[in-house]
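The values are calculated or read from the model by the stated rules, or taken from the named source; none is laboratory data. Just so we're clear, the structure is a prediction, and the values are computed from it rather than from any experiment. Ideal geometry is used to build each Cβ from the backbone, glycine not excepted, and the neighbour counts take in all protein chains shown.
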Amino acid sequence: MIRPHGGEIVNREVSKSKKDRLREEAKESPKIQIDKSLEKEVRNIARGRYSPLTGFQNQNNFLKVVRDMRLETGEAWTIPIILDIDKEKKKELEEGDQAAIFREEEPIAMLDIEEIYSYDKKKTVKDLYGTDDTDHPGVKMYLEKDDYLVAGNIDYLKDPNHREDNYDLDPTETRVLFEEKGWDTSVGFQTRNAPHRGHEYLQKNILENIDGILIHPKIGKKKKGDFTDRAIMKAYEELMKEYYLEHKSVLSTFPTKMRYMGPREAVFDALVRKNHGCTHFIVGRDHAGVGDYYGEFEAQEIFKEFPDIEVEPLFYNYAFYCKKCHGMVSDRTCPHGSEQRIAPSGTKIRNMLREGEKPPKELMRPEVAQKIIDMDKPFIGD
């Protein structure tokens, strides 16, 4: 099986006796309150999704990732994993001390404070997103961060059985599952959408040559108009129940927010799936993009800069239904013109579903569409 990024799966769990002691210490330690999105990031570090990271990044690593898309140790890493604090909280903390990371009234982790530093938010977003336009949802989220960052290793305090949902499998668990299924090769599929026939075509086409597929939706904060997490998962449950081979497919979740960082997020997504045991990763057209901020194939071209990441990217444009071929095809397989094609436009499909109308069966399985239509508020912000 492919080795994890950096060589081994990070585990920041501590023994029960140490965990009990740290929970007591947390009551008297300076407290850093975090939101739900950051709680997911703490767990992603602790359980190895973000291997080789063992905590929140210090200034040197932060700047190295922002500028060069690599860690100081040389490994590819394209998105900073950071913990932001405001000026008042900074006054309570000292480098070399411990702080307790809380989610509401519960201690989530202890942080060994290595460094507290400021950063230029406007320059950072320009480097990360290629724009500082606040109409970009990722830029807006980043600019809303506090002005200081606190770095250091974490010790995870939550129950090891805690999960975001029933599909939340850690990298160690997916690796065991892949082995049990006898997969020598596996492909990761990132999505923030309910599945249409184009997605299904790509996934099944790849399975002609790859042992198994990990369908791995991001579950977390997204922009207004996107599918809710519940809609995505219910739609995939419906699809996989009737149309996927159990021994060739796994549905799991990646609890994190969408960053809409385009090319950088594509590489990040590939590295996370590498940690989960995937030997390959699907990179579609405008992966993790939004609006027209990135070129259609920019998220594929960036992989030329990372020949050393080991996980193999698989590049796809898009599939469409051809009325003459009577099936889902692509430019590589279909000789017919645009007059024969029905393209699975995500925007069009979402608009139809929002109005309670089923998209054509050539674009979305009717039972999948009905599952979404029957849901209360399947779109964020509705």
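Within region 133-148, restricting attention to residues that are crowded, with 17+ Cβ neighbours inside 10 Å and not hydroxyl-bearing (S, T, Y), which residue is nearest to G291 (Cα to Cα)? So the residue we want is H136. On the given criteria, is P255 assigned by TED's automatic domain parsing to the domain that holds S345 and in contact with a Ser or Thr (Cβ under 8 Å, 6 or more places away or on another chain)? So P255 fails the test. Return a yes/no flag: does region 216-224 have any residue that is under 20 Å from P313 (Cβ atoms), of a type in the set (A, V, I, L, M) and in contact with a Ser or Thr (Cβ under 8 Å, 6 or more places away or on another chain). There is no residue in region 216-224 that is under 20 Å from P313 (Cβ atoms), of a type in the set (A, V, I, L, M) and in contact with a Ser or Thr (Cβ under 8 Å, 6 or more places away or on another chain). The number of residues in region 268-326 being over 17 Å from G130 (Cβ atoms), among the charged types (D, E, K, R) and outside any helix (DSSP H, G or I) comes to 6.
Would you mind finding the one in K121, K140 that is assigned by TED's automatic domain parsing to the domain that holds K87 and within 18 Å of R67 (Cβ to Cβ)? Full working, then the answer.
Values: K140 fails: within 18 Å of R67 (Cβ to Cβ).
Checking each option against the conditions leaves just K121.
Starting from residues that are hydroxyl-bearing (S, T, Y) and touching a Gly at 6+ places or on another chain (Cβ under 8 Å), keep the ones in region 237-260 and report whichever is nearest to G277 (Cα to Cα). Among those residues, the one meeting the criterion is S249. Among the conditions (1) under 21 Å from G220 (Cα atoms); (2) at pLDDT below 95, L38 misses just one, which is (2). Number of residues in region 211-233 that are more than 21 Å from D170 (Cβ to Cβ) and surrounded by 19 or more Cβ atoms within 10 Å (Cβ to Cβ) equals 5.
Table: residues versus (1) surrounded by fewer than 17 Cβ atoms within 10 Å (Cβ to Cβ); (2) closer than 28 Å to A99 by Cα; (3) modelled with pLDDT of 95 or more.
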site	(1), (2), (3)
V150	no, yes, yes
Y156	no, yes, yes
N161	yes, yes, no
P171	no, yes, yes
S186	no, no, yes
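Within region 19-33, does at least one residue satisfy the condition of being under 30 Å from K181 (Cβ atoms) and of a type in the set (S, T, N, Q)? Checked against the condition, which is being under 30 Å from K181 (Cβ atoms) and of a type in the set (S, T, N, Q), region 19-33 yields no hits at all. Can you find even one residue in region 330-348 that is surrounded by 15 or more Cβ atoms within 10 Å (Cβ to Cβ), out of contact with any strand residue (DSSP E or B) (no Cβ under 9 Å at 6 or more places or on another chain), in a loop (DSSP other than H, G, I, E, B) and in contact (Cβ under 8 Å) with a residue 24 or more places away in the chain? No, region 330-348 contains no residue that is surrounded by 15 or more Cβ atoms within 10 Å (Cβ to Cβ), out of contact with any strand residue (DSSP E or B) (no Cβ under 9 Å at 6 or more places or on another chain), in a loop (DSSP other than H, G, I, E, B) and in contact (Cβ under 8 Å) with a residue 24 or more places away in the chain. The residues of region 207-257 that are more than 14 Å from the chain's Cα centre (by Cα), assigned to a strand (DSSP E or B) and among the β-branched types (V, I, T), listed by number, are I213, V250.
Here are Q57, Q98: which of them is crowded, with 21+ Cβ neighbours inside 10 Å and over 17 Å from the mean Cα position of the chain (by Cα)? Steps first, answer last, please.
Numbers: Q98 fails: crowded, with 21+ Cβ neighbours inside 10 Å.
Step by step, each of Q57, Q98 is checked, and only Q57 is crowded, with 21+ Cβ neighbours inside 10 Å and over 17 Å from the mean Cα position of the chain (by Cα).
Under the condition of being in contact with a helix residue (DSSP H, G or I) (Cβ under 6 Å, 6 or more places away or on another chain) and surrounded by fewer than 20 Cβ atoms within 10 Å (Cβ to Cβ), the residues counted in region 236-256 number 2. Q203 falls short on exactly one of the conditions (1) polar (S, T, N, Q); (2) touching a Phe, Trp or Tyr at 6+ places or on another chain (Cβ under 7 Å); (3) in a loop (DSSP other than H, G, I, E, B), and that condition is (3).
Matching residues to (1) part of a strand (DSSP E or B); (2) in the same structural domain as T256 (by TED's automatic domain parsing); (3) in contact (Cβ under 8 Å) with a residue 60 or more places away in the chain; (4) over 16 Å from K158 (Cβ atoms):
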| residue | (1), (2), (3), (4) |
| --- | --- |
| E39 | no, no, yes, no |
| P52 | no, no, no, yes |
| E88 | no, no, no, yes |
| G96 | no, no, no, yes |
| Y117 | yes, no, no, yes |
